[in-house]
Amino acid sequence: MQTFAETKLPEIRTALPGPKAQVLLDRDQRYISPSYTRSYPLVMRRGFGALIEDVDGNTFLDFNAGVGVSALGHGNAEIADVIARQAREFTHISGTDYYYPQQTDLAIKLNQVTPGDFTKRVHYGNSGAEAMEGALKAAMYATGRSKFIAFRGAFHGRTFGTLSLTASKAAQRRGFGVQALDVTHVPYANPIRFPLERRAGETVGQRVARYIEQTIFKTTVPPEDCAAIIVEPVQGEGGYVVPDVDFLPALRRICDQNGILLIVDEVQSGMGRTGRMWAVEHFDVVPDIICIAKAIAAGLPLGVTLARHDLMKWHVGAHASTFGGNPVAIAAALKTFELLEDGVVENAAHLGDYMLDRLRSMQERHPAIADVRGLGLMIGIEFARDRESLEPWPELRDELVVECFHHGLVLQGAGESTIRFSPPLIIDREQADFALEVFEDAIKKLTR
């Protein structure tokens, strides 16, 4: 009999949720905030590699990786060893008030592996939202400006500052009053859903740039008042949208011509997810500030604001975090980079290409699939009622997610009617094939 650690594919043994899971669901409903978004009743007990075991002994193939966090999978022994080793030394002293070498070690590593042949400074936080809050404050402080430009469909967090940027779902803003920051939103360069009329031969990336320069700058955001443009190189919660290749270079040009900073949010797309260490590398653009979180510390809370050296010259006490740059999280982060650079990023690129080819063949067989897009193992499959009108089909998307769960495949939606494939980057071909087969069987069942 195989042990859990030897298992590669799922096995469902009980009805879902199982009896132990149901007990925990009842307790959760009583004690946990109802604001959390759960699509199905997965109650995790433990994980290994790309597999999850629930409290009733059912096993699932994880194709969401804890919302992009568990890039190295679950239960990685090398990560566990460095966490334990550091925890035995010390778990906290606060890098905002004292010194320890781990903080500088990771800062040096980040300088080495991120775009830009210049020195960068690091501010540590605990999450993606905190990383973005740091970026916004650094941009305002360095430029003396207070306006920002962000994009429709964007997700940058739910704190009051980052919520001003977020524009993916109305539910995230409902009930919280006016936005805290002066942010103007413009359309993202979504190749299949773009609201602005274009000139003959004009790409969506070029049209966004023209809209910013000829409309936004002339009506609501004078360029001399704009501190930064904030962008996801691949939109995450907005639907795993890959923009036109000229979009990010156009934003870089606009920023350079107007003294505006380019802040790139790599919270979900970074750390090898797209088959390169950073998604922005696909577009040959160097940001002024990069925000990093999620997969950087293999499941431990760590957020990074990484800025050009000359931009992070604020005064002592201007910004800090008691827990940011925790030594245990940093130990995990340094080991994460080591493992990613040892073939894991290449695996994401290779298997991503393989899955995209299979999914595009699947699209030819199933009219409900409106679009297949992605880079590496950051893949979006969008559903529509018909391909001509491209009317979103969120009900089908939601049913597919649940149907796959009942057959051992953990997925999650994104955007209005997209399913995201964002598995651990260590999956193999057999696991990819299993996921694709379960996914297509679910489509057949729910669209016949």
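The values are calculated or read from the model by the stated rules, or taken from the named source; none is laboratory data. The structure displayed is predicted, hence computed values, not measured ones. For neighbour counting, all protein chains shown are included, and Cβ atoms are generated from backbone atoms with ideal geometry for every residue, glycine included. Note: accessible area is taken over every heavy atom of the protein model, side chains too, but ligands, DNA and RNA are not part of it. Shrake-Rupley method; radii C 1.70, N 1.55, O 1.52, S 1.80 Å.
In this simple spin-label model, placing a label point 7 Å from the Cα along the Cα-to-Cβ direction at both Leu24 and Ala170 gives a separation of 3.5 nm.
Who wins for biggest fluctuation among His123, His309, His156 in a Gaussian network model of the chain, springs between alpha carbons below 10 Å? Largest GNM mean-square fluctuation: His309. For the stretch 293-353, the pair-distance distribution built from all alpha carbon pairs, in bins 5 Å wide starting at 0, is 4, 15, 18, 18, 17, 13, 7, 5, 2, 0 percent.
Please report the antiparallel percentage of the DSSP beta bridges confined to the chain, to the nearest 5.
On the way: 34 of 51 bridges.
Taking every DSSP beta bridge with both residues in the chain, the antiparallel ones total about 65 percent.
Rank these by accessible area, largest first, 1.4 Å probe: Lys169, Lys218.
Accessible-area ranking of Lys169, Lys218, largest first: Lys218, Lys169.
Rounded to the nearest whole Å², what accessible area per residue is found for the chain with the 1.4 Å probe?
Details: 19630 Å² over 448 residues.
Accessible surface, normalised per residue, equals 44 Å².
In the chain, a dipole from Cβ-located charges (positive for Lys and Arg, negative for Asp and Glu) runs towards its positive end, and of Asn347, Tyr211, Val245 it is Tyr211 whose Cα lies farthest in that direction. The accessible surface of the stretch 1-123, taken with every protein chain in place and a 1.4 Å probe, is 51 percent carbon and sulfur. Distance between the 7 Å Cα→Cβ label points at Glu388 and Gln257: 4.0 nm.
Note on the stretch 295-442: Cα-Cα pairs beyond 25 Å make up 45% of the total pair count.
Evaluate the chain: find the radius of gyration of its Cα atoms, find its Kirkwood radius, and give the ratio Rg to Rh.
We get a ratio of 0.96 for the chain.
The value of relative contact order for the stretch 344-426, using C-alpha pairs under 8 Å at least six residues apart, is 28 percent. Using a cutoff of 8 angstrom between alpha carbon atoms and counting only pairs six or more residues apart, the relative contact order for the stretch 159-305 works out to 17 percent.
With the convex hull of the Cα atoms taken as the outline of the stretch 1-137, the averaged projected area works out to 12.6 nm². Over the chain, DSSP H runs of length four or greater, each weighted -39,500 (n - 2.57), average out per residue to a 222 nm ellipticity of -10500 deg cm²/dmol. Computed over the stretch 118-276, the range of Cα coordinates on each principal axis works out to 46, 42, 35 Å, biggest value leading.
So what does the Cα-only Debye profile of the stretch 99-207 read at q = 0.14 Å⁻¹, as log10 I(q)/I(0), no solvent term? Log-scaled intensity ratios, in q order: -0.78. Only Lys, Arg, Asp and Glu carry charge here, each on its Cβ (+1 for the first two, -1 for the last two); on that basis the chain has a dipole of about 1000 debye about its Cα centre.
Using only alpha carbons, the stretch 1-62 has a radius of gyration to Kirkwood radius ratio (Rg to Rh) of 1.01. Taking 0.36 nm per residue of separation and subtracting the Cα-Cα distance, full extension of the segment from Glu213 to Thr322 would add 35.2 nm.
Is the stretch 200-344 best put as rounded, prolate or oblate by its Cα gyration tensor, with a ≥ b ≥ c the root eigenvalues, rounded for a/c under 1.5, and otherwise prolate when a/b is larger than b/c, oblate when not? Oblate is the answer for the stretch 200-344, as a/c is 1.5 or above yet b/c matches or exceeds a/b. Note on exposure: His185, His319 ranked by accessible area (1.4 Å probe, complete protein assembly) read His319, His185, with the most exposed listed first. Taken about its Cα centre, the stretch 1-114 carries a charge dipole of roughly 220 debye when the Cβ of each Lys and Arg holds +1 and the Cβ of each Asp and Glu holds -1.
Would the stretch 124-170 count as rounded, prolate or oblate if I go by the C-alpha gyration tensor, calling it rounded below 1.5 in a/c and otherwise prolate when a/b exceeds b/c, oblate otherwise? Don't skip to the end; give the middle numbers.
Numbers: a/c = 2.64, a/b = 1.26, b/c = 2.08.
Verdict is oblate for the stretch 124-170.
If you wrap a convex hull around the C-alpha atoms of the stretch 259-364 and split its volume per residue, what is the figure in Å³? Mind showing how you got there, number by number?
Values: hull volume 14.7 nm³, N = 106.
In the stretch 259-364, the Cα hull volume divided by residue count equals 139 Å³.
The count of lysine pairs in the chain that are at least 8 places apart or cross chains, and whose C-alpha atoms lie under 13 Å apart, stands at 5.
Over the C-alpha atoms of the stretch 346-414, the Rg to Rh ratio, Rh being the Kirkwood estimate, stands at 0.98. Under a Gaussian network description of the chain, with springs only between Cα atoms under 10 Å, the residue in Trp314, Trp393, Trp278 that fluctuates furthest is Trp314. Summarise the accessible area of the stretch 242-349 (1.4 Å probe, protein heavy atoms) by the percent that is carbon and sulfur. It is 52 percent, rounded to a whole number.
Charge dipole of the stretch 355-443 (Cα centre as origin; +1 on each Lys and Arg Cβ, -1 on each Asp and Glu Cβ, all else neutral): 280 debye, rounded to the nearest 20.
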